[in-house]
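One structure is given here, and the rest of the page talks about it.
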Amino acid sequence: GDSVTQMEGPVTLSEEAFLTINCTYTATGYPSLFWYVQYPGEGLQLLLKATKADDKGSNKGFEATYRKETTSFHLEKGSVQVSDSAVYFCALRSRSGNTGKLIFGQGTTLQVKP
Amino acid sequence: ETGVTQTPRHLVMGMTNKKSLKCEQHLGHNAMYWYKQSAKKPLELMFVYNFKEQTENNSVPSRFSPECPNSSHLFLHLHTLQPEDSALYLCASSQEVGSGNTIYFGEGSWLTVV
């Protein structure tokens with residue numbers, strides 16, 4: 001079945017460091033891909049998305065490119081801030097079956113220190 | 001404001017209690033979802049409703065009973081829960097069921113079963 005694998009956390013960085021959170025997926029066909037962020041004590045917020053190969057999603061300085069050849073959707077940011085500390089979830093929605101099911105990775109906790 | 005509002009934000013209930021979680025979306029969407037987020041587990045889809053009709057039940061125990069009276073409201077009725085049901089319950093919505101539609105989440109209801 002479809003699945004999403006994220007790098008294990010927590011990831012601890014100093015402010016202004018470069019961030020990469022790896023995400024790879026397994027799916028039949030060409031899913032849509034998403035990054036969601038969950039700040040402490042809150043629900044999930046959509047961070048960015050890409051719906052087809054080579055699309056780049058971007059928002060708030062974060063970027064991720066849909067790489068079909070490597071089945072990846074790695075999240076990057078050039079300079080993180082303390083306020084970026086949160087849990088980041090990679091997710092996919094399959095085009096087959098049209099059930100609307102979002103399949104999530106296990107989440108990666110990011111801690112940014114001043 | 002996320003456009004998806006959940007109440008209550010926090011709920012403590014005994015195993016013999018009956019309670020309900022409420023979700024309302026102000027986005028004009030036609031699909032609504034319940035997800036469960038437990039500690040150290042990936043987010044799990046519980047139910048999907050599309051145009052008020054349930055389209056997916058992800059093998060959820062009958063002690064969880066969803067209700068969707070209209071496209072804007074979704075309830076999760078809780079009865080004789082177990083301590084392991086303690087989790088964050090997230091409501092979400094999208095324009096329609098389908099991979100091209102972005103899913104928007106509420107802030108969640110923290111449930112503790114004692």
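I'm told A:SER83 meets every condition in (1) part of a loop (DSSP other than H, G, I, E, B); (2) away from chain B (no Cβ under 14 Å) except one. Can you identify the failing condition by its number?
With respect to (1) part of a loop (DSSP other than H, G, I, E, B); (2) away from chain B (no Cβ under 14 Å), A:SER83 is out only on (1).
From the residues in segment B:54-109 that are of a type in the set (D, E, K, R) and facing chain A (nearest Cβ under 10 Å), which one is nearest to the chain's Cα centre (by Cα)?
Across segment B:54-109, the extreme among qualifying residues is B:GLU107.
Kindly indicate the residue of segment B:1-15 that is assigned to a loop (DSSP other than H, G, I, E, B) and under 13 Å from B:THR112 (Cα atoms) and also nearest to the other protein chains (Cβ to nearest Cβ) among those meeting that condition.
B:ARG9
Can you pull out every residue in segment A:18-28 that is at pLDDT 95 or above and surrounded by 15 or more Cβ atoms within 10 Å (Cβ to Cβ)?
Of everything in segment A:18-28, those that are at pLDDT 95 or above and surrounded by 15 or more Cβ atoms within 10 Å (Cβ to Cβ) turn out to be A:LEU19, A:ILE21, A:ASN22, A:CYS23, A:THR24, A:TYR25.
Name the pairs whose Cβ atoms lie under 6 Å apart, with the first residue in segment B:66-90 and under 15 Å from B:LYS41 (Cβ atoms), the second of a type in the set (Gly, Ala, Ser), and 6 or more positions between them or separate chains?
Cβ pairs passing all conditions: B:ALA87/B:SER38; B:LEU88/B:GLY108; B:TYR89/B:SER109; B:LEU90/A:GLY43; B:LEU90/B:GLY108.
So if I check each of B:GLU84, B:GLU24, B:GLU96, which one is in contact with a strand residue (DSSP E or B) (Cβ under 6 Å, 6 or more places away or on another chain) and exposed (fewer than 15 other Cβ atoms within 10 Å of the Cβ)?
Criteria check complete, one pass: B:GLU96.
Being small (Gly, Ala, Ser), modelled with pLDDT under 90 and under 24 Å from B:SER93 (Cβ atoms) narrows it down to one of A:GLY57, A:GLY9, A:GLY41, so name that one.
A:GLY41
The values are calculated or read from the model by the stated rules, or taken from the named source; none is laboratory data. No experiment lies behind these values; they were computed from the predicted model shown. When we count neighbours, we look across all protein chains shown, and the Cβ atoms used for this are built from the backbone with ideal geometry, even at glycine.
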